[in-house]
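Please read the structure below before turning to the comments.
The values are calculated or read from the model by the stated rules, or taken from the named source; none is laboratory data. Bear in mind that the values here come from a model prediction, so they are computed numbers and not experimental data. FYI the Cβ positions are ideal-geometry reconstructions off the backbone, even for glycines, and counts take in every protein chain you see.
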Amino acid sequence: MRRGWFLPITATLGFAFLYLPIMSLVIFSFNENRLVTVWSGFSTKWYGELFADPQMLGAAWRSLQVAFFSASFALVLGTLCAVALVRFKRFRGRTVLAGTVSAPLVMPDVITGLALLLLFVAMESLIGWPAGRGIVTIIIAHSTFCMAYVTVVVQSRLSDLDLSLEEAAMDLGATPVRVFFDITLPIIAPALVSGWLLAFTLSLDDLVIASFVSGPGSSTLPMVIFSKVRLGVSPDVNALATIIIGVVALGVVAAMLIGFSQQNRTRARRG
């Protein structure tokens, strides 16, 4: 009996530790009082102030742009690295490539941000590009460390791929390029989507590296929120966090429904 009660109690305490602060954040985003710890009535005025704040809206739009392009570039580069590491077992520089790709996974963000800042300063003095720090340098920096995560995700999927499918396509006359685009990519598409979403989330969430490589007028949403939180949590930040939580929840629910529908279709076909 003790073992039967231990796991439910532990799981309940763990979920409460994780989600009760989030629930309190959502509740106090509808608080009329400016003090986030004192409830004085229901109100949605902080959502109105949030959508009337050009700094917050500009930072949010900038972060979405950076995350989209960073995730897209990281997906292309990470997929190419994964293909090289899985399909080409022996080539000169393979060990160096594997170590270089894995380095951002274990490197502290402070070291990565400082190294990229020094790189951008040296490039500007030598070739004149990039001219200053801004969105371009943030996208390059985020693509650099997000590429490592995409490589790990795609590499794990490629390692389990049945090579007989590609060999059968080539026996039927397909070129290696067509086999890759018609056979390999559709099979590893879930891994590609997962890698892109992971890179998008990491880029959208990054604060340390963006602080090193950004310049005036290119502050991302985490940087703006951090600057506001240092002076005290304001209700408009709670409102923004609630909107983000709602969007993420809708995305999770949509993904679950799509997954269930695909499973039902598969069962119907087998039946």
Taking the criterion of being in contact with a helix residue (DSSP H, G or I) (Cβ under 9 Å, 6 or more places away or on another chain), of a type in the set (Ser, Thr, Tyr) and free of Cβ contacts under 8 Å to residues at least 60 places away in the same chain, would at least one residue in segment 102-118 satisfy it? yes
Condition set over 18 Å from MET223 (Cα atoms) and more than 24 Å from the chain's Cα centre (by Cα), scope segment 52-87, selection modelled with the highest pLDDT: answer is ALA52
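Kindly check whether there is at least one residue in segment 182-197 that is touching a Gly at 6+ places or on another chain (Cβ under 7 Å), among the aromatic types (Phe, Trp, Tyr), within 30 Å of GLY113 (Cβ to Cβ) and outside any loop (DSSP other than H, G, I, E, B).
The answer is no, given that none of the residues of segment 182-197 is touching a Gly at 6+ places or on another chain (Cβ under 7 Å), among the aromatic types (Phe, Trp, Tyr), within 30 Å of GLY113 (Cβ to Cβ) and outside any loop (DSSP other than H, G, I, E, B).
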Which of the residues spanning segment 10-41 are surrounded by 10 or more Cβ atoms within 10 Å (Cβ to Cβ), free of Cβ contacts under 8 Å to residues at least 60 places away in the same chain and aliphatic (A, V, I, L, M)? ALA11, LEU13, ALA16, LEU20, MET23, ILE27, LEU35, VAL38
In segment 184-231, the residues that are touching a residue at least 24 places away in the same chain (Cβ under 8 Å) and among the acidic types (Asp, Glu): ASP206
Just a yes or no: is a residue in segment 143-152 in contact (Cβ under 8 Å) with a residue 60 or more places away in the chain and of a type in the set (Gly, Ala, Ser)? yes
Checked segment 212-263 for anything of a type in the set (S, T, N, Q), at pLDDT 85 or above and not in a helix (DSSP H, G or I); matches are SER214, SER218, SER219, THR220
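To keep it simple, each residue is scored yes or no on (1) farther than 23 Å from SER211 by Cβ; (2) surrounded by 13 or more Cβ atoms within 10 Å (Cβ to Cβ).
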residue	(1), (2)
PRO54	no, no
LEU64	no, yes
PHE68	no, yes
VAL83	yes, yes
GLY93	yes, no
VAL101	yes, yes
PRO104	no, yes
